[in-house]
Each structure stands twice: as structure tokens, then as C-alpha cells.
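Trainee: Structure in C-alpha cells, see below.
Any read-out appearing in this document is the output of simple, stated calculations on the displayed coordinates, not a laboratory observation. Please read all numbers here as calculations on a predicted model, not as lab measurements. Here the Cβ positions follow ideal geometry from the backbone for every residue, glycine too, while neighbour counts run over all protein chains shown.
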Amino acid sequence: MLRKIKLITSAVCCALTVCTFAGCEFSFDLFSGSSQSSSHSGFFEPPSWNEPSGYTVDDNMEQYDYSLKNTLTDNEKNLYNHIKFMLDNKQTSFDFENITNDDFKKAYYAVLYDHPEYIRTGFNYTYSVKTTGDHVDFHADPALFSDDPEIASKAEQELEAVVSMVAESAKAQADPYFAVKYVHDYIIDNTVYDTESLAAVHGGDDGLVIASTAYGCLVEHKAVCSGYSSAFQLIMQRLGYECGRINGTRITESGAHQWNYVCLDGEYYFMDITWDDPLKDDGIETKTYDYFLITDEDIAYTHVSDLTLPQPECSGKRYNYFYYNGLYFDEYNFGYISDAAQRMRYSSGLIVKFSNPDQLQRAVEDLIEGQRIFEIDFIDGGISYSVSASGCILSVEY
């Protein structure tokens, strides 16, 4: 007897739809402001500054191979430390001597990408340059979280409270897989994608878009992709893991997107929490693990890095959701799928991952089109199935 089988394409559509929401503040690269022309570029001399008594710059980014700080020269690192010092002391405008806008932008961006906890100032800024002979005065005013310092301070405290809470719970997990899964699930369960903020970003808003920050994600519970990725980076850094962000696009469109890399037990993985938080066609939010700790090969099916940020080769598999749970298969074999289904028999369905789309196609032809899935003893009614955007993940609902 033929069984009722329904093909659901929403998994593919959701993955792609989420990507259209992936506009991020970092996509802006042009800054307004006035400047006088100068024939000088780069540092005239290393910037120097006097620290208050008892204060030192606390920064561990140089221990991480792929931090932005490690891409800088010694002079640029000095400027990076200076900017970090000023941010630590709640400064929201910057004055330097004998540097150019390119110098400032490189160091300032490195600080913000390495340190998502800094939410008072954004990537967008205006600047002015005054040149007198061989002397240059540089001034920058970044977009602000708030014009009211008390509001900004309260926001920092609120963010710190959530980060500390989530990090403490993650630390209590059994191993790195469960620690990362806890953070992944917490962010998705407590965040909705902010389409209104996306419209503001795409509309050329030159302010600081709160939804693009870790605060937007973890406190206001609304974020665009850079908010999701900043939140994940901040918590993973608090747990002591190397974690950074990647800029790029989805493979089918040019819209800006951002995701993460993270290092676990010496191996690097990609993570895209935004795309693991899709919106179904019926408007219901769901949670997936399609982009949970994946490899270069995996992400190449759907993402393209723009290579503006340093990124590692991601080849780790041990902590991938499917690999860790015995749901990853190099090749299709009915016996393997049957065993996996038995282990998941008390769930609402079966989700498995294959090494490539060809192996998944073999599974669809045998299990679905050939209806062999009904040989699994507890599957006796209609089913629906879907295929991921990568063409490597098969989801079957009973």
C-alpha cells in the first residue's frame, strides 16, 4: 500500500529567508566628516599616553591566533591599547596626534571586533583632521548607544549580568559540546530576528543599531546577525575559548551577513546561530542545528566569506551536532538510518546528515521515493520530509 508522503520545502526556504535578514552594521565602510588634505600617512611617531596610577590595559587578545589585534604592527597595537584604555574609561570621542583616519579606523575596528562588550560606541563615526605644518590633530566621534552616559552605564551592567549568568550555566555543562550547545540554545530561545532594525541598516542608518550588538541580543532579545554573533563571541570569550566573527554573504545573494568561528580543544569550527534560528512559513520560530560547529566544506554550500577578517581553517568534526550524536554518515546505508531512527524513536522525527548531497540524494531515493522508511517498525503513518539548504541534512517528521 502506498503511504502518504509530503515534501516540505520550508527547511530550505527558512535557511534562505533567514539569510535575507542578515544585514549588519558592519557592512558600512564609508564615513562622513571633514578633513584637510595632508601628504603624510601612517604614524609620524608611536602615540604615547600616561596611564592613571594603578591602571593597566587588561587585554588577552594577542594569545588568540586569529584576533584582529594580531594583524596589527607594534605601533598599531599601541594605538589599539590606547583606544581600549579610553573605552574602558567610558570615553566616547577620541583625540590623537599625528595619525590618519586609516590608522584610527584599523585600530578602532580591531578593538570593536575583538571586544563585543564595548557597546557605548559603534563602528560608524565622523572625524576631522587638522594639519599644521608637520603636526596633525585627529578627532573622531563614533555613533553612540545613548547620548546619556547613565543610560549607557546601565546597559553595560545589564549586559554583564546576562553574560555572567549564561557563562556560569555553560561552565556547569559536562564538556565543550554541551557548553556550546547551552549558549547556542539560550541565544536562540531568547532572541527574535529584528526585521525593523534590518530595514534601518539597509536604509543607510548611520547611527548605532542596537540590534547589531550583544546588548540587543542578550538584553533586548532582538537582533540582526551581528547581534547574534557578537553575543555568542562575548559569552564564548568569557568561557575562555577563542572566538571571533566572520563577515560575508549568503552564496545566492550579496546581502551582508556575519557568523562565528570558535576553537574547541585545538580544533576550529564555524557557527551560524542566526541561521539556526529560522522563521517558518507559518510564522513560527524554530531551532535547528544545521550550522552548529561545522567545517569549511559544510559552510561553503551556503556562505561566502569576504575575507575582511582573519579566519582559521575550520576542519573540526568532533563537536558537530550530528557527528557528536551519531547522526552523521559518510555514505547512505539503510541499516545506519534504521539504527539512528530507533535511537530517536521517541522524538517527533529523524534528522541525519550526510557527507555530501549525492549521499543524501541516495537516501531520498531509497527511503522516501522507494518508501523503505516504512520498514522501520514504528513508522506506520504518513510522513513529511525536508532537505537543508546545503543538501546534506535530511529531516523526516512522522
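Trainee: Counting other C-beta atoms within 10 Å, and keeping those with at most 14, which DSSP coil trypsin sites (Lys or Arg not before Pro) do you find in the stretch 306-398?
Mentor: Passing sites in the stretch 306-398 are Arg318, Arg345.
Trainee: Can you work out ³J(HN,Hα) from phi for every residue in the stretch 176-191, in order, using Karplus 6.51 cos²θ - 1.76 cosθ + 1.60 and θ = phi - 60°, giving whole Hz and x for Gly and Pro?
Mentor: Each residue of the stretch 176-191 in turn: x, 4, 6, 5, 5, 4, 4, 5, 3, 5, 4, 4, 5, 5, 10, 9 Hz.
Trainee: While we're on this one: Hey, with R₀ at 51 Å, roughly what FRET efficiency would Ser254 and Gln342 work out to, going by the Cβ-Cβ distance, to 0.05?
Mentor: The pair Ser254/Gln342 has a calculated efficiency of 0.70.
Trainee: Taking only the alpha carbons of the stretch 331-398, what extent do you get along each of the three principal axes, in Å, biggest first?
Mentor: Taking the Cα atoms of the stretch 331-398, the three principal extents are 28, 20, 19 Å.
Trainee: If you average the C-alpha positions of the stretch 113-153 and of the stretch 219-237 separately, how far apart do those two centres end up, in angstrom?
Mentor: If we compute the Cα centre of each part, the gap is 22 Å.
Trainee: In square nanometres and to one decimal, what's the mean projected area of the convex hull around the Cα atoms of the stretch 230-297?
Mentor: Mean orientational projected area (the stretch 230-297, Cα hull): 5.5 nm².
Trainee: Continuing with the same structure: Work out, step by step, the length gained on full extension between Gln91 and Thr71: first 0.36 nm times the residue separation, then minus their alpha carbon distance; give nm to one decimal.
Mentor: Value of the extension gain: 4.7 nm.
Trainee: Further, regarding this structure: What pairs in Lys106/Lys181; Lys106/Lys171; Lys105/Lys154; Lys171/Lys317; Lys69/Lys287; Lys84/Lys222 have C-alpha atoms more than 30 Å from each other?
Mentor: Lys106/Lys181; Lys106/Lys171; Lys69/Lys287
Trainee: Note down the nm distance, to one decimal, between modelled labels 7 Å out along Cα→Cβ at Asp366 and at Glu397.
Mentor: Here the modelled spin labels are 2.6 nm apart.
Trainee: Based on the mean of other beta carbon atoms within 10 Å per residue, what is the order of 272-278, 185-191, 212-218, 292-298, most packed first?
Mentor: 212-218, 272-278, 292-298, 185-191
Trainee: Could you work out the equivalent-ellipsoid semi-axes for the stretch 279-398, taking the square root of 5 times each eigenvalue of the Cα gyration tensor, largest first, in whole Å?
Mentor: Equivalent ellipsoid semi-axes, largest first: 27, 16, 13 Å.
Trainee: So if R0 is 41 Å, what FRET efficiency would Lys171 and Thr131 give, r being the distance between their Cβ atoms, rounded to the nearest 0.05? Mind dumping the intermediate values first?
Mentor: Values: r = 52 Å, r/R0 = 1.26.
Efficiency, rounded to the nearest 0.05: 0.20.
Trainee: On a full-extension model of 0.36 nm per residue, what is the gain between Asp306 and Lys105, subtracting their alpha-carbon distance, rounded to one decimal in nm?
Mentor: 70.5 nm
Trainee: When only Cα pairs under 8 Å and 6 or more residues apart are kept, what is the percent relative contact order across the stretch 331-398?
Mentor: The normalised contact order for the stretch 331-398 reaches 39 percent.
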